[in-house]
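Read-outs: derived from the displayed coordinates by stated rules, not from any lab. Because the structure is a prediction, the values reported are computed rather than measured. Cβ placement follows ideal geometry from the backbone for every residue including glycine, while neighbour counts extend to all protein chains displayed.
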Amino acid sequence: MTLTRSLKEAIDRGGFYPDLVHHTVAEALDGREASHQIVHVDTHFDMEEVHRHITVLALADNVVVVAHLDDHDADEDPNFAHDDGGRRSSGEVVARISTEVVPVARMGSVILSEVHRSPQNFRPDRGLIEVTLTMNWSGGARLDTMPADCGNPECMADHGDTGNVSPEDITLRIASTAEGDTAVREARAFVRALRRAQVHQTR
């Protein structure tokens, strides 16, 4: 199967093992043609090392393909060894990639948060500062807890814990200053298309 031009260009633009990402996403699409996509590369620094993670969301027909890929030094992976049982030489890199094919009918909430500059001068044609997309589909949730209290600063009783349960399978923050205006526009278009597909599935 050949990836659609827009999806291929988005993956190439991400620049994070594009050939491997192309191949894996195409296999997950399994002959479907992606109509909308989000490709997001997250980079962070840990001491002297640079770590990257790429997330690809591709909407095709009635499914969303979700792919994640990151890499790390092979020496950090105890399962990565020579055929004779020895460890790989330092400096070799391994990449881990996972994919999930989610039917649109299984999608729960799809939340898009937008950040506008100078809202008093709003114009529909003006670009956004950033968008944040949150999607859930598996029933998984994030649990944030903290000790409960009664409001009395002198009370020493144990009131147990309190917290919030937030349904969440994926959250992506896409900023125009980091990923560019094109990535922000793609994210908004992806959400619009996914919401239309959700409405179609419920008819």
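Between the amide H of Val63 and those of Val104, distances stay under 5 Å, these residues lying 5 or more places away or on another chain, with hydrogens modeled in the peptide plane.
Projected label points at Arg188 and Val94, each 7 Å from Cα along the beta carbon direction, are separated by 4.2 nanometres. Report the local net charge at Glu130: Lys and Arg +1, Asp and Glu -1, summed over other residues whose C-beta lies under 14 Å from its C-beta. Around Glu130, the charge tally is 0. Taking amide H as placed 1.01 Å from N in the peptide plane, the amide H of Ala34 sits under 5 Å from that of Thr4, each at least 5 places away or on another chain.
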